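Colleague: Below you will find the structure I want to go over with you.
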Amino acid sequence: MRLSAAVAGYEAEIELRDSGASVSAKLDAKHYELDVRESGNGYVIVSEGKIFDCRIEGRPESGHPVMVTVGTQSYGITLTDPKCLRGAGGAATQADKAARIVAPMPGKVVRVLVELGDQVEAGAGIVVVEAMKMQNEMKSPMAGTVVTLNVSAGITVNAGDVLAVIE
Amino acid sequence: MFRKILIANRGEIAVRVIRACRDLGVSPVAVFSEADAGALHVRMADEAFCVGPAPSAHSYLNSAAIIDAAKQARAEAIHPGYGFLAERAAFARAVNEAGLVFIGPPPEAMEVMGSKTSARRAAIQARVPVVPGTTESLKSVDEELTVAASFGYPVMLKAAAGGGGKGMRQVAAETDLASAFETAQSEAVASFGLADIYLEKVVERPRHIEIQIFSDSHRNVVHLGERECSIQRRHQKVIEECPSPIDDPELRRRMGAAAIRIAEAVNYVGAGTVEFLFSDATGDFYFLEMNTRLQVEHPVTELVTGIDLVREQINVAAGARLSFTQEDIRWHGHAIECRVYAEDPENNFFPSPGRITFLRLPGGPGIRDDSGVANGDEVSIHYDPLLSKLTAWGRDREQAIDRLRRALDEYALSGIKTTLPFFREIVRDDEFIAGRLDTGFISRFNQRRERGRPARIEPEARTDRDIAMIAAALAYARAQHRSQDHKPLEQSKWKLSGRVAALNRASDRRAFRRGPR
């Protein structure tokens, strides 16, 4: 099987020949002959006599990052299967000059520091979100105008919710 | 001795108290919120009572429901742990009025020390030095500006009812004061229900050193030495050790004597901690506050003195004398604790709630783990993100660090972000290894990290990365393979259930054969 894999700042083509306990893998020009044992949530891989304890979080799907931990080091790896290229590539990032203030975690909005249409400076506080008893002030990364304000004090938000947009 | 104790807490500290109960042959009773019905502390208890919905204001802070549960269970005493109701005098009184024993100090002592302003007054009366600051709560931003100007910046705003870094803000310049005051006040209201804020001058590059004291109801008061807790983020401790890397017996004796004077001044009973700031530059120490409860970081003192503080708390609450005298206390070796939080150290220590999908705890010589979670548990947004405390003991500081480094590397946890990768770097940091600590350690450490980040990846790390990519690809390939194998089979339900029944019979036979020999 052929796949391409990307990890922070690095991409490689992988070719796998899987015969169960032994796997040969070609990663770009490098060749690995590996002994592989399935463990509870990943693999114990032996390469040239060295042991690599690999844990995989979640089920890898083409185009979606999966977290692989080797020993104490974690890697976010995105695989692309050339066989299912349709639907690949996320929504294009907006090229215009807008900043979305996004909730980094689930929590409760305790204060909204701006109103729709306000002019704000870079670094100005926009919304204060409380989670796990800590209040975190979401700041604007740029100077601009508050063009969208989706929250009010007291409401609960989820990670990834867009709280406000500065343009 | 008590037959049954109710533990009015959750997480790792509830588990810790349950363990002390087991040691003493006391039956532990747990309480839980609706979000915690399957939590580890509930599973480890003999009985458990639901005391309300997930938000702690309606459950773990619901004194009436907790006291009701204790009465229903016929418990004789309540251990509050730390946080939640541990330092609320009104709760201690309500427990006593219900005919139960509160495992902690008398409410009067909690009241004096519970307000930081009256605590400062008590310290001054006990001839213990304090940091220059206000002894009264501030009424307005204007008053604050005047006072801050008289001390000189930087200054620290603190909630009078505070603790755990909540309602606390350092202010570097006059222009930041008003917004910091507002944030501190609203955090104070959210966390403690009181808006009172006071102000202190900031001692530059201080160490945070605290003294563990213990007293019984027979007027015996002793100290168990210091803990150094200088490594803090957001004014909350993340690494603590005993003894301090300063390790000066004369300083320990002087600080211990000061802490004992404060405990005596408020007729203290039980375990308590007197916190000081220590300046390396001048050798002076200043009283900061007294925590009228068991501390999160108590294990380092336990490992070095060999004294079980929770067991002692329970014995003292039952009326016994302290099981040791000041002369009995010896400090043997060195212990260091890391607080494993569900937080992302790469993203400003933001909380990282979620499900723990894999957990393998370290062990071996000199390692102690105090966990409040198990594999598969959900870490909820409602509570403090402390998952566990990993503590290493060694004959000296060097060995303790060696063991801690080994245990941190062994500690495997997936599903959520934790502070583990951060600790793995700290125990390899030269400044930490040299013991050059102060409360600004983490921000300087982060700067060192930014500067020292390797531009090129080491060949060893490159192999790790390659193997990680191959492992991901292999998991994908095998999943594809399996789904192709199984997809088109439209099986007869009858055949399937027949096969399942046959399998069950086979496994029954195996279970029978595996029975006791």
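Colleague: What residues qualify as long-range amide H neighbours of A:I101, i.e. H under 5 Å apart, gap of 5 or more or another chain, H built at 1.01 Å from N?
Modeller: A:L163, A:A164, A:V165, A:I166
Colleague: In a solvent-free Debye calculation with one equal scatterer on each Cα, what is log10 I(q)/I(0) for chain A at q = 0.13 Å⁻¹, listed in the order of the q values?
Modeller: With no solvent term, the Cα-only Debye profile gives -0.81.
Colleague: In the P(r) worked out for the range A:100-166, what percent of Cα pairs fall beyond 19 Å? Could the numbers behind the result be given before it?
Modeller: Values: 458 of 2211 pairs.
Of all Cα-Cα pairs in the range A:100-166, 21 percent lie more than 19 Å apart.
Colleague: If you don't mind, another one. Where the only charges are on Cβ atoms (+1 Lys, Arg; -1 Asp, Glu), what is the dipole of the protein assembly as shown about its Cα centre, to the nearest 20 debye? Please report the intermediate quantities before stating the final value.
Modeller: Details: 85 positive and 91 negative charges, 514 e Å.
Dipole size: approximately 2460 debye.
Colleague: Translational diffusion coefficient of chain B at 37 °C, 0.692 mPa s, Stokes-Einstein with Kirkwood Rh over Cα pairs, in µm²/s as a whole number. Mind dumping the intermediate values first?
Modeller: Working: Rh = 25.1 Å.
Calculated translational D: 131 µm²/s.
Colleague: Report the full-extension gain for the segment B:E143 to B:N267: residue separation times 0.36 nm, less the Cα-Cα distance, to one decimal in nm.
Modeller: Additional length available on full extension: 41.2 nm.
Colleague: Percentage of Cα-Cα pair distances in the range B:92-181 greater than 22 Å, rounded to whole percent?
Modeller: Working: 1641 of 4005 pairs.
That tail contains 41 percent of the Cα-Cα pairs.
Colleague: Relative to the first principal axis of the alpha-carbon coordinates of chain B, what is the inclination of helix B:177-192, with its axis defined by its Cα atoms, in degrees from 0 to 90 and to the nearest 10?
Modeller: The two axes meet at around 60 degrees.
Colleague: Determine the calculated [θ] at 222 nm for the protein assembly as shown from helices alone, applying -39500 (n - 2.57) to every DSSP H run no shorter than 4 residues and normalising by the residue count; nearest 500 deg cm²/dmol.
Modeller: Working: 17 runs with 205 residues, N = 684.
Result for the protein assembly as shown, helices only: -9500 deg cm²/dmol.
Colleague: On to the next question. Given a cut-off of under 8 Å on Cα pairs at least six residues apart, what relative contact order in percent is computed for the range A:100-166? Before the final figure, lay out each step's value.
Modeller: Numbers: 170 pairs, mean separation 30.3, N = 67.
It rounds to 45 percent for the range A:100-166.
Colleague: I'd like the Kirkwood hydrodynamic radius of the range B:279-381, using the inverse of the mean 1/r over distinct C-alpha pairs, in Å. Kindly include the intermediate steps, with their values, before the conclusion.
Modeller: On the way: mean 1/r = 0.0567 Å⁻¹.
Kirkwood hydrodynamic radius for the range B:279-381: 17.6 Å.
Colleague: Ranking B:H332, B:H223 by Cβ neighbours within 10 Å, fewest first, what do you get? It would help to have the intermediate numbers written out before the result.
Modeller: Working: B:H332 11, B:H223 23.
So the ranking, lowest neighbour count to highest, is B:H332, B:H223.
Colleague: Give the dimensionless ratio obtained when the Cα radius of gyration of the range B:159-207 is divided by 2.2 N^0.38 Å. The partial results should precede the final answer.
Modeller: Values: Rg = 11.0 Å, N = 49, 2.2 N^0.38 = 9.7 Å.
For the range B:159-207, the normalised Cα radius of gyration comes out at 1.14.
Colleague: Of A:G107, A:T72, A:L149, which is farthest along the charge dipole of chain A in the positive direction, counting Lys and Arg as +1 and Asp and Glu as -1 at C-beta?
Modeller: The listed residue farthest towards the positive side: A:G107.
Colleague: Now, a different point. DSSP loop (so not H, G, I, E, B), at most 16 other Cβ within 10 Å: list which trypsin sites (Lys or Arg not before Pro) in the range B:19-100 pass both filters. Could the numbers behind the result be given before it?
Modeller: Values: sites: B:R19, B:R22, B:R43, B:K71, B:R74, B:R88, B:R93; in loops: B:R74, B:R88.
Loop-located and lightly packed - B:R74.
Colleague: Mind listing which GluC sites (Glu not before Pro) in the range A:1-52 are in a DSSP loop and have 10 or fewer other Cβ atoms within 10 Å? Each step should come with its number before you reach the end.
Modeller: Details: sites: A:E11, A:E13, A:E15, A:E33, A:E38, A:E48; in loops: A:E48.
Those satisfying the criteria are A:E48.
Colleague: Give the longest segment of chain A that steers clear of trypsin sites (Lys or Arg not before Pro) in DSSP loops with at most 10 neighbouring Cβ atoms within 10 Å, not counting the sites themselves.
Modeller: Working: sites that count: A:R86, A:K97.
Longest stretch, sites excluded: A:1-85.
Colleague: Here's something else I'd like to know. Choose one of B:P53, B:S483, B:F2: the residue whose Cα lies farthest towards the positive end of the charge dipole of chain B (beta-carbon charges +1 Lys, Arg; -1 Asp, Glu; about the Cα centre).
Modeller: B:S483
Colleague: Turning to a different aspect of this structure: Write down the Kirkwood hydrodynamic radius of the range A:2-95, to one decimal in angstroms, obtained as one divided by the mean of 1/r over all alpha carbon pairs. Walk me through the numbers before you get to the answer.
Modeller: Working: mean 1/r = 0.0687 Å⁻¹.
Taking every pair of different Cα atoms in the range A:2-95, averaging 1/r and inverting gives 14.6 Å.
Colleague: Putting +1 on Lys and Arg Cβ atoms and -1 on Asp and Glu Cβ atoms, find which of B:G394, B:N220, B:H235 reaches farthest to the positive end of the dipole of chain B.
Modeller: Projecting each Cα onto the dipole axis, the largest value belongs to B:G394.
Colleague: Which angle between 0 and 90 degrees, to the nearest 10, do you get for helix B:459-486 versus the longest principal axis of chain B when only C-alpha atoms count?
Modeller: Taking the Cα atoms of chain B, the angle to B:459-486 is about 40 degrees.
Colleague: Just give me a number: lysine pairs in chain B, eight or more positions apart or cross-chain, with C-alpha atoms less than 15 Å apart.
Modeller: 9
Colleague: Given contacts defined as C-alpha pairs under 8 Å and at least six residues apart, what's the relative contact order of the range B:339-465, whole-number percent? Please list the in-between numbers first.
Modeller: Numbers: 172 pairs, mean separation 36.0, N = 127.
In percent, rounded to a whole number, it is 28.
Colleague: What does the charge count around B:R478 come to, taking other residues whose C-beta lies under 12 Å from its C-beta (Lys +1, Arg +1, Asp -1, Glu -1)?
Modeller: Within the 12 Å Cβ shell, the charges total -1.
Colleague: Also: Just need the relative contact order of the range A:2-95 here, percent rounded to a whole number, with Cα pairs under 8 Å and 6+ apart. Walk me through the intermediate numbers first.
Modeller: Working: 172 pairs, mean separation 20.3, N = 94.
In percent, rounded to a whole number, it is 22.
Colleague: Based on the Kirkwood radius over alpha-carbon pairs, what is the Stokes-Einstein translational diffusion coefficient of the range B:1-144 at 37 °C with 0.692 mPa s viscosity, in µm²/s? Mind dumping the intermediate values first?
Modeller: Numbers: Rh = 16.5 Å.
Once the numbers are plugged in, D ends up at 199 µm²/s.
Colleague: When every alpha-carbon pair in the range B:155-303 is counted, what percent end up more than 27 Å apart?
Modeller: Working: 2829 of 11026 pairs.
Roughly 26 percent, once rounded to a whole number.
Colleague: Helix B:141-151 against the longest principal axis of chain B: what's the angle in degrees, Cα atoms only, rounded to the nearest 10?
Modeller: 70
Colleague: Give the aspartates and glutamates reachable from A:K50 as a straight Cα distance under 18 Å; neighbours fewer than 8 places away on the same chain don't count.
Modeller: The reachable aspartates and glutamates, counting only those whose Cα sits under 18 Å from A:K50, are A:E33, A:D35, A:E38, B:D409, B:E410, B:E458, B:E460, B:D464, B:D466.
Colleague: Then there is this: Which semi-axis lengths, in whole Å and largest first, follow from the square roots of five times the eigenvalues of the Cα gyration tensor of the protein assembly as shown? Each step should come with its number before you reach the end.
Modeller: Numbers: eigenvalues 415, 220, 142 Å².
Whole-Å semi-axes of the equivalent ellipsoid: 46, 33, 27.
Colleague: Give the residue list of trypsin sites (Lys or Arg not before Pro) in the range B:219-321 that are DSSP loop and have at most 11 other beta-carbon atoms within 10 angstrom.
Modeller: Working: sites: B:R219, B:R227, B:R233, B:R234, B:K237, B:R252, B:R253, B:R254, B:R261, B:R293, B:R311, B:R321; in loops: B:R219, B:R234, B:R293, B:R321.
Sites meeting the loop and neighbour criteria: B:R219.
No lab work stands behind these numbers, since they all come straight from the coordinates. Owing to the predicted nature of the structure, the values given are computational and were not obtained by experimental measurement. Heads up, the Cβs are rebuilt from the backbone with ideal geometry, glycines too, and the neighbour counts pull from every protein chain shown.
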